[in-house]
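This report refers to the structure that appears directly beneath it.
Please treat every number below as a calculation from the coordinates, not as lab data. Quick caveat, the model's predicted, so the values are computed rather than measured.
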Amino acid sequence: MQRHVAFLLLPYQSPAANIIVSTMSTMSTMSTMSTMSTMSSIPHHYNIAIEPDDIDFMGHVNNANYLKWVQDAVVAHWEKIAPSEAVATHLWVALKHEITYRKPAFLDDDVIAEVLLEKVHGARAFYSTVIRRGEDVLAEVQSSWCCVDADTLRPMRIAKEIAANFFGSKD
C-alpha cells in the first residue's frame, strides 16, 4: 500500500501562536525529554532519484529540489521508525529550512540523504540532513518541524514514548 503524504501550508502566524505550550507534570518526565535531546538518534538513509525534470537550464539539479528531498527524507524517517498508529494520527509541517549548498548534483548521480533527528521538544522536531554523492557533501540542511494532529490540524505534542523510538539502539 502506498501512502501519500501532504505537506500543509498554513497561514503565517508567529511561532508562539502556532505552538501549544503545556507544562510537564513531573521532573522525571522533563529529565527524560532532556536526555533524549542529548542522546544520539538513529540515522536514516534515504535514496534520492534524480529525474530529468529536476535539471535546470544550467545542467544540474535546481536548488529548489533539495527542499523536496529533505521533506521526503524526513517523512520517510518518521514513517520508518514511528509506530503505525502515530504515523496515521500525526502530520508534519515544515517551519524552517536552512540549506547550505556545497556542490551541484547531476542527472546520473547516486545521491543519498542522511537524516538525523537532533531534538524533540513539545510539538517540534529539529533535524539535520546531509545530502551526499559518495563522499562529496552536496548540501547540509538544518530544519525544524511542527507535529500536527491529522484530524484537527492543531499542533500536537510528541509523546515521550514515541520520541524514544528515534533515540533507541541502532541494532
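So the values come out like this:
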read-out	value
3J(HN,Hα) from dihedral phi, the stretch 48-56, Karplus parametrisation 6.51/-1.76/1.60, rounded to Hz, x for glycine, proline	10, 9, 8, 9, x, 5, 6, 7, 9
Proximal lysines to Lys119, defined as alpha-carbon separation beneath 25 angstrom and excluding residues fewer than eight positions away on the same chain	Lys68, Lys80, Lys96, Lys160, Lys170
